[in-house]
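Worksheet for the structure shown next.
The values are calculated or read from the model by the stated rules, or taken from the named source; none is laboratory data. Because the structure is a prediction, the values reported are computed rather than measured. FYI the Cβ positions are ideal-geometry reconstructions off the backbone, even for glycines, and counts take in every protein chain you see.
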Amino acid sequence: MKINFSLSIKLTLLVLLISAVVIFSITYINVTEETKFFENAYAEKATALTQAFNANILSRSQLEDKSNLLTYITKYIYRNPEILEIDINLPDNQGKLTTVVSSNSDSVGNSASNYHHSSYETGNVYRIPIHNGDSHSLTIVTPLYLSGKIVGTYDMVFSMNKAYLTLDDQMRNLIILSTIGLFLLVINFLYALRRIIVKPITTFVDATKMIGKGNLDARIKIDSRDELGKLASAFNNMTDDLKQSRAEIEKYSKTLEKQVSERTKELEESKEELKLKVEALEENKAAMLNIMLDLKKTISDLEEAKKHINIQNVELKAAHEKLFLLNKDLESKVKERTAEVENLLRQKDEFIGQLGHDLKNPLTPLVGLLPMLEEKEKDPKTKEHLGVIIRNVEYMRDLVIKTLQLARLNSPRTAFDIHDINLQEEFNNVFENQQILLKNNNIVVENNIREDIFVKADKLRLEELISNLLANAVKYTVDAKGKIIVDADKKNGIVTISVSDTGIGMTEDQLGRIFDEFYKADGSRHEMDSSGLGLTICKRIVERHGGRIWAESLGKGKGSTIYFTLNGGDEKDKE
Amino acid sequence: MDKKIIFLAGICIFLLVSFSGCTQQENEMDPTIKRIQDAGVLKVGTSADYEPLEYLDENDNIVGYDIDIAAEIADELDVSLYVINIPFNMTDFTNALNNGEVDIVISAITITPERSEQVLFSNAYLNAGQVIIVNKTNQDIIFPEDLKNKTVGVQSGTTSEEEALKYTNSTLIIGYDNYMMARDDLLAGLIDAIIIDYPAGVGLTKNTDLKIVGDPFTDELYGIALKKGEQALKIKIDTVIASGKPRELENEWFGITD
């Protein structure tokens, strides 16, 4: 069996128990005290009565007159209704106390009790309360004095029934009052309990139920500062936290739902796509099967073809071997021819060199001696002829020298001594050397080259290049107050140098051919001062330095510009 | 849960014991009382020739003050009353008690040492001795000795007259035919006091400005006779006497008598 007591009942039972114990204890104490009080009151009354009784017995003879004594005690009892019995005990012959006169005739002749003996001997007064059921009595045993001497004893039995009746009434009232008090106490306690504990707890329970149902706005309003108040505020805080958490969860689940729906949609779309693809695949499959059949056919064809190819391959191999042999033959022939050509070229160089030297050597005395002859000749006619000879000799020497130069430049065996050279300085040096030529032709030179531009070049060849270009420029600048401008620009490690003049200029046709050997811009002129090899030498020098040379002109009479490139050099290495 | 049940049971037992302690009953039963209660009747012997204590009314029913007291005793024993008429003779009374013919005898029997040897007497329920009656305003007369040289009214030829002679001059004693006249004289202030036996005195002073002075100065103490040794019954009767019921009945019975 299981009994569920509510908190109220438990506490009420406890309070009831404690109150009952306290109240009944108080009642019990009260009754005991009352009883004692009654007994004391009776004892005092008894003492007074016995004293009065004693005072009435004045002599021994009065004691001996039993008839008178009986009347006396009977009357005494009649006058004092609370007295039930009076016994008078006197010692007999043996000194033993016996009842001689009694309101209860049955008691006469009986020997007295120990109390009487004790009282007779010591003079003590005894109070003996007897409670027997409804009857409550008090027996007082007193010594009997005669002329100051104890001559016997007597006892009085008092009925305390009336007093106890009152006491019972009082007790009943007390119990009724206690019960009412207890009842009120319990009601008050229940009320207080309900107010202080049960109501807040019910509030808690309600709030908890509401929260259980999902209503997180439930709040507990308890203003008390006791533990319940603290609990309430803690509970409210918890509810706040819960609410916040739930909001977050809801938010999260909404996002999730959205995501799920999106994913579902995507999945369905993918599914659709897959379906389509599968359909397409099914179609493809059929097509594939066809293709495969075709392929099979093709493969068998190919197999066939392969056989043919194999046969052809064998033939090809044979052809290849033949070709290889042929190739080898060709190679050796090429080598032979190359060697032959090189040999011939060398022979040509040697021939030219030899020829040059052979031509040059006889010219040297001519060039040295003929001007002297011209100086000494007085005859103007001869002088004029000598002048023609000198010019032709000089032209020839120039031609020979230049041819030799060209031959040297053409020869791969000619080595170049490459250094870092300051371009501005180099030009200035050349201008310095050619000062007379420039002056004679009234030509102004303008050097626009920055001093920090260096080129990698053979110093002597570079001088030769610049001299040739200068000479060429001067040659074609016939007007007075001609001007030659040189400039250089370095870009990506390549220096582009330009030499411009204000001379006669060139046609497009001429621009493409000026660097050819023995080409002269003016074909009609057969002057002795130009060999037609100058620009060819320039081209060769530039090419041997790994550069490029070209000419630009805006047209006849508008001047021309020769451009060439050289590898840029480092300032450090200048020397 | 078992613990709770035990706890509750404990409380119940505690409460029961605390209450039952107040109403503990005595189960011992005296054989005589048991016999009376078993029979359901209290047999009372009386000599119905002494009005107003015990006499036959017009229907020959035995009534009177003593009979009412006997009825009270029967009530106390919770039985009905049965009254037996026995002519006044102490030996007959004793025999009737001893052979169980009656349980008690109530018949205005004066308690004496001699009679006490034959029967067991209850405590006195009535003192029918002589009393002094005076006006309520009188403060002088308290004891019989105070009657000296006072005019005293008595009924001629009664014990009262004899007692009056002991305390005052015979010339001051006025003998009346009945106490009604004496009362009127006392109220008129013609006499100082009246001497009369107690039951009649209660009736005479009823509803007047007269009072009984003290207790009877002679003793005629009536007791109820029981068989020797019937202590339990004696206690029952003494309890009724001590309860003051006889005094109430005195006012009822001892009214004006002619």
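Data table
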item	result
Any chance A:MET171 is within 14 Å of another protein chain (Cβ to nearest Cβ), in contact with a Cys (Cβ under 8 Å, 6 or more places away or on another chain) and not basic (Lys, Arg)	yes
Residue list for segment A:17-30, restricted to those being among the hydrophobic types (A, V, I, L, M, F, W, C), in contact (Cβ under 8 Å) with a residue 40 or more places away in the chain and in contact with a helix residue (DSSP H, G or I) (Cβ under 6 Å, 6 or more places away or on another chain)	A:ILE23, A:PHE24
Segment A:338-366, subset surrounded by 11 or more Cβ atoms within 10 Å (Cβ to Cβ) and charged (D, E, K, R), residue nearest to A:VAL393 (Cα to Cα)	A:LYS360
Filter pass, B:LYS3 being exposed (fewer than 11 other Cβ atoms within 10 Å of the Cβ) and either assigned by TED's automatic domain parsing to the domain that holds B:LYS234 or modelled with pLDDT under 90 (or both)	yes
Positions within segment B:204-225 being small (Gly, Ala, Ser) and surrounded by fewer than 22 Cβ atoms within 10 Å (Cβ to Cβ), in sequence order	B:GLY214
Some residue of segment A:352-368 being among the acidic types (Asp, Glu), at pLDDT below 90 and within 30 Å of A:ARG413 (Cα to Cα)	yes
Segments classed as helices (runs of 4 or more DSSP H), wholly inside segment A:372-472, with at least 3 members that are touching a residue at least 24 places away in the same chain (Cβ under 8 Å)	A:380-410, A:423-433
Qualifying residue in segment A:414-428 (condition: outside the structural domain of A:ILE497 (by TED's automatic domain parsing), charged (D, E, K, R) and crowded, with 17+ Cβ neighbours inside 10 Å)	no
Check on B:GLU117, assigned to a helix (DSSP H, G or I) and within 14 Å of another protein chain (Cβ to nearest Cβ)	yes
Selection from segment A:215-244 of residues that are out of contact with any Ser or Thr (no Cβ under 9 Å at 6 or more places or on another chain), surrounded by fewer than 11 Cβ atoms within 10 Å (Cβ to Cβ) and among the basic types (Lys, Arg)	A:ARG225
Of all residues making up segment A:473-504, the number that are in a loop (DSSP other than H, G, I, E, B) and small (Gly, Ala, Ser)	3
Residue in segment B:147-161 that is charged (D, E, K, R), in contact (Cβ under 8 Å) with a residue 60 or more places away in the chain and surrounded by fewer than 21 Cβ atoms within 10 Å (Cβ to Cβ) present	no
Segment B:80-137, residues that are within 15 Å of the chain's Cα centre (by Cα) and aromatic (Phe, Trp, Tyr)	B:PHE121, B:TYR125
Filter result for the condition that a residue is within 30 Å of A:ILE130 (Cα to Cα), among the charged types (D, E, K, R) and assigned to a helix (DSSP H, G or I), over A:ASP168, A:ASP240	A:ASP168
Check on A:LEU190, part of a helix (DSSP H, G or I) and either within 14 Å of chain B (Cβ to nearest Cβ) or surrounded by fewer than 16 Cβ atoms within 10 Å (Cβ to Cβ) (or both)	no
Strands (runs of 3 or more DSSP E) (entirely within segment A:73-165) containing at least 2 residues that are over 28 Å from B:MET29 (Cα atoms) and within 14 Å of another protein chain (Cβ to nearest Cβ)	A:97-102
All positions within segment A:225-260 that are in contact (Cβ under 8 Å) with a residue 24 or more places away in the chain and closer than 28 Å to A:LEU193 by Cα	A:LEU228, A:LEU231, A:ALA232, A:PHE235, A:THR239
Qualifying strands (runs of 3 or more DSSP E) (wholly inside segment B:144-250; at least 1 residues being within 24 Å of the chain's Cα centre (by Cα) and within 14 Å of chain A (Cβ to nearest Cβ))	B:210-213, B:221-226
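Residue-wise test of (1) touching a Lys or Arg at 6+ places or on another chain (Cβ under 7 Å); (2) not assigned by TED's automatic domain parsing to the domain that holds B:ASN138; (3) not aliphatic (A, V, I, L, M).
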{"position": "B:LEU172", "(1), (2), (3)": "yes, no, no"}
{"position": "B:MET181", "(1), (2), (3)": "no, no, no"}
{"position": "B:LEU187", "(1), (2), (3)": "no, no, no"}
{"position": "B:GLY201", "(1), (2), (3)": "no, no, yes"}
{"position": "B:THR205", "(1), (2), (3)": "yes, no, yes"}
{"position": "B:ALA232", "(1), (2), (3)": "no, yes, no"}
{"position": "B:ALA242", "(1), (2), (3)": "no, yes, no"}
{"position": "B:ARG247", "(1), (2), (3)": "no, yes, yes"}
